[in-house]
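What follows is a short report on a single structure.
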Amino acid sequence: METILYLSATDADGRLGRPSLEAAAAAAALAKSLGGARLLAGLFGASTAPAAAQLGGAGFEKALRVDDAQLAQGRYATDAAAAFELAKAAAATLIIAPSSSRVQRVAAGLAQRLGGVVDTHATELLADGGVVALRRWFYRQRLQAKLSRTQRPWVITVDAGIVLALAGDGSMPTEAVMAALPASRTTVTGLRSPGGGPQTIRPEAALLLVAGAGWCKKQADGALHVAEADQLILAFLDKAKASLGGSKSVVDQQGEGASLTCMSHVNQVGQTGSTPRHAKGLATCCHGEEPHVVGWRFINDRRAVNLNAGCGWAQGKADVLYVADAFQVMKELNAIL
Ligand SMILES: Cc1cc2nc3c(=O)[nH]c(=O)nc-3n(C[C@H](O)[C@H](O)[C@H](O)COP(=O)(O)OP(=O)(O)OC[C@H]3O[C@@H](n4cnc5c(N)ncnc54)[C@H](O)[C@@H]3O)c2cc1C
């Protein structure tokens, strides 16, 4: 019989965020489909009582808790020690956790300490005739694999967005677990967020605007118009509530002088960038080369604006190619919007 431990760190307010509650729902659903599996929660943080309450009524036998002020900050040494004690106290055979940065950091170390195995970024958990399996993607979502393992304990981290978040009813027995946390040599003195620029990455937006290196190139008048490009792109993002993507060439321009201030490496779409999932995409001043367009595989409605009628988008990669000057097109579009 499997003993499933749902494992998570808590947020600063002692609660579980949406991705953690989604992993909790995945763990509860797996326990249900296995029939007869034990299901426990293992929570660690500065104070975990609010998180335990969020899991009540969802089939968890109890919540094992490590509450310690040292766990207010995520650190490898202390998080791994707390997670290890929780897994040991539960005698868990399966440890299901969210693919959060905090858990991902300790997942492999936890498996090592337990003498177990680990798989990360699961997108589905299955109980195929009583055999636990998972699905996950490899090589940037080109290959999907179904994996099963006989080794235990098996640590599995679950990606966000694959199941609905669990909504508990607030009552759940809890048990404190003692964990001797190692002393930290670092002190967190405060948090600093990146400068107050506009938010350009909006995963929930209906439209992705992609800017390519053409925005930073000399235009028909022989001059650069990078400041104007910045202003046109930001105005469009604001008006259309679109998300901003970039080609590798445009994000790499940062080291080259004439670069868009609205663009950074996190905006890069493509083989070595991201694979966004917006319903529609509009590429501007971007050539549409395969290493870039491969990042558009989940975007079904595609349009591009390029001066070159023979650019990559014309080779069956876009539904519509406007052969036009993107500066003029965006000016017009912003005026209409
Ligand atoms: C291993 C590998 C991995 C890679 N990974 C990625 C990746 O993840 N993402 C990625 O994007 N690339 C990636 N690349 C690079 C990719 O092959 C291209 O070099 C890159 O996408 C080109 O960027 P671009 O289209 O913005 O620039 P360019 O090729 O320089 O194209 C600029 C375009 O702008 C157009 N233009 C200029 N002015 C205007 C105007 N006023 N109006 C309209 N159009 C205009 C030009 O006609 C031109 O087509 C990778 C390459 C390799 C080898």
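Return yes or no: is Q219 within 9 Å of the ligand (Cβ to nearest atom), closer than 15 Å to V329 by Cα and out of contact with any helix residue (DSSP H, G or I) (no Cβ under 6 Å at 6 or more places or on another chain)? Considered against the rule, which asks whether it is within 9 Å of the ligand (Cβ to nearest atom), closer than 15 Å to V329 by Cα and out of contact with any helix residue (DSSP H, G or I) (no Cβ under 6 Å at 6 or more places or on another chain), Q219 comes out as yes. Note on segment 222-235: residues that are within 11 Å of the ligand (Cβ to nearest atom) and not in a loop (DSSP other than H, G, I, E, B) total 3.
Name the single residue that is nearest to N300 (Cα to Cα) among those in segment 314-336 being within 31 Å of the chain's Cα centre (by Cα) and surrounded by fewer than 15 Cβ atoms within 10 Å (Cβ to Cβ). Looking at the filtered set, the residue picked out is D319. Taking the stated definitions as given, is G245 under 30 Å from R136 (Cα atoms), within 16 Å of the ligand (Cβ to nearest atom) and touching a helix residue (DSSP H, G or I) at 6+ places or on another chain (Cβ under 7 Å)? Answer is yes for this residue.
The number of residues in segment 298-314 being over 19 Å from D221 (Cβ atoms) and within 12 Å of the ligand (Cβ to nearest atom) comes to 7.
Can you spot a residue in segment 259-266 that is outside any loop (DSSP other than H, G, I, E, B) and more than 17 Å from V226 (Cα to Cα)? Yes, there is a match, as at least one residue in segment 259-266 is outside any loop (DSSP other than H, G, I, E, B) and more than 17 Å from V226 (Cα to Cα).
Looking only at residues in segment 315-337 that are out of contact with any Lys or Arg (no Cβ under 7 Å at 6 or more places or on another chain) and among the acidic types (D, E), the one that is nearest to K218 (Cα to Cα) is D325.
Confirm whether A335 is free of Cβ contacts under 8 Å to residues at least 40 places away in the same chain, part of a loop (DSSP other than H, G, I, E, B) and either more than 12 Å from the ligand (Cβ to nearest atom) or among the small types (G, A, S) (or both). The answer is no for A335.
Pairs meeting the criteria (first residue in segment 305-327 and touching a residue at least 60 places away in the same chain (Cβ under 8 Å), second residue surrounded by 13 or more Cβ atoms within 10 Å (Cβ to Cβ) and aromatic (F, W, Y), beta carbons under 8 Å, at least 6 apart or on different chains) are N306/W313; N306/Y322; A326/W215. When G281 is tested against the conditions (1) at pLDDT below 95; (2) in contact with a Lys or Arg (Cβ under 7 Å, 6 or more places away or on another chain), the lone failure is (1).
The values are calculated or read from the model by the stated rules, or taken from the named source; none is laboratory data. In this text the structure is predicted, and so the values were computed from the model without any measurement. Heads up, the Cβs are rebuilt from the backbone with ideal geometry, glycines too, and the neighbour counts pull from every protein chain shown.
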